[in-house]
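Comments concern the structure below.
Derivation of every value follows stated rules applied to the coordinates shown; laboratory data play no part. What you see is a predicted model; the values in this text were computed from it and never measured. We place every Cβ from the backbone using ideal geometry, glycine too, and count neighbours over all the protein chains shown.
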Amino acid sequence: MAHPKRRTSSATRDKRRSHYKLTPKAVTLCQNTGELHLRHKAYVVDGDLYHNGKVAIKNFTKTAVPAAGTDTDEE
């Protein structure tokens, strides 16, 4: 098994690890609704689902699906 001949210094190790940093998400202001939203994603404003500045679905409501295997009042 290969072993390093010299110990890697903490400065060299930290330089290598310095590239793992977070970048801010791309947020855009919609010209039609004036809402901030993530780019290239659909977003909900006043119950309507918008995508690319246009109404995709009127009166949009998210439907919650119960997890499999959970019983709610079934005894």
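With the simple model of a label 7 Å out from the Cα in the direction of the Cβ, residue 22 to residue 1 spans 3.6 nm.
Shown here for the range 1-43: trypsin sites (Lys or Arg not before Pro) in loop regions (DSSP other than H, G, I, E, B) with at most 13 other Cβ atoms within 10 Å, namely 5, 6, 7, 21, 25, 39, 41. What lysines does residue 5 reach when the alpha-carbon gap must be under 28 Å and sequence neighbours fewer than 8 apart in one chain are set aside? List returned: 15.
Within the straight-line cut-off of under 22 Å between alpha carbons, the lysines reachable from residue 58 are 41, sequence neighbours fewer than 8 places apart in one chain being disregarded.
Multiplying the sequence separation of residue 45 and residue 9 by 0.36 nm and subtracting their Cα-Cα distance, what value in nm do you get? Gain on extension, residue 45 to residue 9, equals 7.7 nm.
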